[in-house]
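Below is one structure, written out as structure tokens, with a few remarks after it.
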Amino acid sequence: MTPLDYEFLRKLLKERSGLDLSADKQYLVESRLTPLARRVGLPGITELVQKMKNGSAEPLIAEVVEAMTTNETFFFRDKIPFDHLREAMVPELLQARANRRVLRIWCAASSTGQEPYSIAMCLKEMGAALLGWRIEIVATDLSQGVLEKSKAGLFSQFEVQRGLPIQLLVKHFTQVGEMWQLNADIRAMVQHRQLNLLQDFGHLGSFDVIFCRNVLIYFDQETKTDIFERLAKTIEPDGFMVLGAAESVVGISDAFKPHPDRRGLYRPNGTRSAKPGIAAAMPQPARAVAMASR
Ligand SMILES: C[S@@+](CC[C@H](N)C(=O)[O-])C[C@H]1O[C@@H](n2cnc3c(N)ncnc32)[C@H](O)[C@@H]1O
């Protein structure tokens with residue numbers, strides 16, 4: 001790969017996915033894109049870049065962007081956000097939404113599904129408290145590939161051994177050959193949508209809780225600020241936002257303020273008019289799930 005190839009790729013990735021590669025990440029690009037180049041019958045990255053420059057290469061560009069995403073995730077990652085969900089967010093929202101009995105949760109970079117399904121299991125485990133409530137968990141990601149895996153709800157032995165308590169494995173999964181599949185009731189709690197956070201997401205409606213974890217770390221400050229400003233428009237005034245362990249709004253945006261007692265948890269700072277929920281905007285059948293008794 002020549003320095004010019006690298007510059008082309010850096011610019012392309014920044015524009016298409018927000019990925020902000022520093023000048024010393026050639027090795028990362030080499031390791032992710034050389035196998036892709038070979039798979040499409042090209043000798044190397046220089047030829048891959050040439051093909052993208054030649055025009056009408058949109059599917060190839062999408063593959064390059066996907067190949068450069070980092071999809072690392074696991075069940076109940078960092079544990080604390082799920083404690084916050086169970087102990088702080090849901091109890092407060094149960095009171096605040098007692099009339100509507102609807103909870104809308106957005107998992108904004110959901111990768112292969114471990115995060116939205118951890119949320120779903122967490123809520124399911126709350127049992128009677130949510131009985132009769134409509135729960136909408138919307139999982140979005142830039143990458144169609146990870147969304148397909150997430151939809152299938154099929155996980156390897158290695159994946160279910162990372163973070164998932166054994167009781168939840170026994171209770172909510174069924175063994176299918178060498179894989180484990182999440183049971184249909186948990187899968188049905190999660191709706192999947194392809195979505196690039198660089199683009200408008202107002203059509204998703206308004207959420208009570210937004211999990212936006214371990215994706216903004218890949219973006220530059222300007223992009224983070226823009227995304228926080230737009231997230232603030234799509235969250236209820238009394239909603240909650242959860243960031244990853246290495247992420248914060250501090251010094252980047254004042255659209256959210258940190259929760260005084262709970263690390264990684266944020267609340268919107270201002271007021272805005274609420275928009276209708278996704279159920280109104282989504283094509284049928286809507287996959288919102290009413291919590292029934294187990
Ligand atoms: C490291 S994973 C984090 C998964 C999960 N949130 C977690 O914390 O375990 C980052 C995810 O962000 C997605 N992603 C990267 N750029 C994105 C963008 N511009 N819009 C939406 N998703 C993006 C990637 O495809 C990847 O699945």
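See the values below:
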{"item": "Sites Arg267 and Leu94 - FRET efficiency at Förster radius 22 Å, r taken between beta-carbons, to 0.05", "result": "0.85"}
{"item": "Dimensionless Rg over Rh [the stretch 1-159; C-alpha; Kirkwood]", "result": "1.11"}
{"item": "Spacing of the two label points (7 Å from each Cα toward its C-beta) at Asp200 and Glu222, in nm", "result": "2.2 nm"}
{"item": "Cα centroid separation, the stretch 94-109 to the stretch 1-31 (Å)", "result": "39 Å"}
{"item": "Efficiency of FRET from Cβ geometry, Glu47 and Ala290, R₀ 45 Å, rounded to 0.05", "result": "0.25"}
{"item": "Normalised alpha carbon radius of gyration of the chain [divisor 2.2 N^0.38 Å]", "result": "1.05"}
{"item": "Packing rank of 239-252, 107-120, where each peptide gets the mean count of other beta carbons within 10 Å, highest leading", "result": "107-120, 239-252"}
{"item": "Those residues of the stretch 169-187 whose amide nitrogen sits under 13 Å from the label point placed on Ala152, 7 Å along Cα→Cβ", "result": "176-182"}
{"item": "Ranking by accessible area, most exposed first, for Arg230, Arg263 with a 1.4 Å probe", "result": "Arg263, Arg230"}
{"item": "Taking the C-alpha atoms of the stretch 73-163, convex hull volume expressed per residue in Å³", "result": "99 Å³"}
{"item": "Accessible-area order (highest first, 1.4 angstrom probe) of the listed residues His84, His203, His259", "result": "His203, His259, His84"}
{"item": "Globularity ratio of the stretch 126-272, using Cα Rg and 2.2 N^0.38 Å", "result": "1.17"}
{"item": "With every protein chain in place, the chain: carbon and sulfur % of accessible area (1.4 Å)", "result": "54 percent"}
{"item": "Net length gained if the chain between Thr34 and Ala184 were fully extended (0.36 nm per residue, minus Cα distance)", "result": "50.2 nm"}
{"item": "Bridge type composition, the chain - antiparallel percent by DSSP, nearest 5", "result": "40 percent"}
{"item": "Rounded to 5, percent antiparallel among DSSP beta bridges of the stretch 127-244", "result": "40 percent"}
{"item": "FRET E, pair Ile252, Arg101, Förster distance 41 Å, beta-carbon r, rounded to 0.05", "result": "0.75"}
{"item": "Spin-label pair Leu131/Lys25, simplified geometry with 7 Å Cα→Cβ offset, distance in nm", "result": "5.0 nm"}
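The values are calculated or read from the model by the stated rules, or taken from the named source; none is laboratory data. As the structure is a computational prediction, the values presented were derived from the model and not from experiment. Ideal geometry is used to build each Cβ from the backbone, glycine not excepted, and the neighbour counts take in all protein chains shown. For accessibility, only protein heavy atoms count, side chains too; no ligands or nucleic acids. Shrake-Rupley method; radii C 1.70, N 1.55, O 1.52, S 1.80 Å.
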